[in-house]
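Report on the following structure.
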Amino acid sequence: MRKDIHPENYRLVAFKDMSNDEVFLTKSTANTKETLEVDGVEYPLVKLEISRTSHPFYTGKSKLIDTAGRIDKFKNKYAKFKK
C-alpha cells in the first residue's frame, strides 16, 4: 500500500439534520467553522439538509422539503419569458 495518501486529521464531528434537528456523531475530516455542544463536549458542526433520519426512503414517509426555494428560483428564472 502507498504511504501518506490518507488524511491524518480524523476527529469526531457532529452532523445536524436541519429538517428535523437530529444530531449524530461520527469521525470525519470535514472542515467547518461552527461548533456544537453534545453531552457537555464541544464538536465541530456540519449542517445537512437531509439525512437518514429524514429521507423518505429510510423513514417510509413522503414529505416535500423545499429548503432551497426551488419553486421560487424556477419562477424567477422564467419570469422574463412572460408576456
Nearest-10 value in Å² for the accessible area of K77, using the 1.4 Å probe
120
Cα shape, segment 1-52, gyration tensor, a/c 1.5 rule
prolate
Largest first, what is the accessible-area ranking of E8, E34 with a 1.4 Å probe?
E8, E34
With x for Gly and Pro, the residue-by-residue ³J(HN,Hα) of segment 14-23, computed from phi through the Karplus equation 6.51 cos²θ - 1.76 cosθ + 1.60 at θ = phi - 60° and given in whole Hz, is 8, 9, 10, 7, 6, 7, 9, 6, 6, 10
Calculated FRET efficiency, I5 and K33, Cβ-Cβ r, R0 25 Å, to nearest 0.05?
0.40
Using modelled backbone amide H atoms (1.01 Å from N, in-plane), which distant-in-sequence or interchain residues come within less than 5 Å of V38's amide H?
Y43
For K82, K73, K47, give me the order by solvent-accessible area with a 1.4 Å probe, most accessible first, ignoring ligands, DNA and RNA.
K82, K73, K47
Length gain on complete extension for the stretch M18 to K77, per 0.36 nm per residue less the alpha carbon to alpha carbon distance?
18.6 nm
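The values are calculated or read from the model by the stated rules, or taken from the named source; none is laboratory data. Please read all numbers here as calculations on a predicted model, not as lab measurements. All Cβ positions, glycine included, derive from the backbone under ideal geometry; neighbour counts span all protein chains shown. Each accessible area value is taken on the protein alone, full model and side chains, heavy atoms only, with ligands, DNA and RNA left out. Shrake-Rupley method; radii C 1.70, N 1.55, O 1.52, S 1.80 Å.
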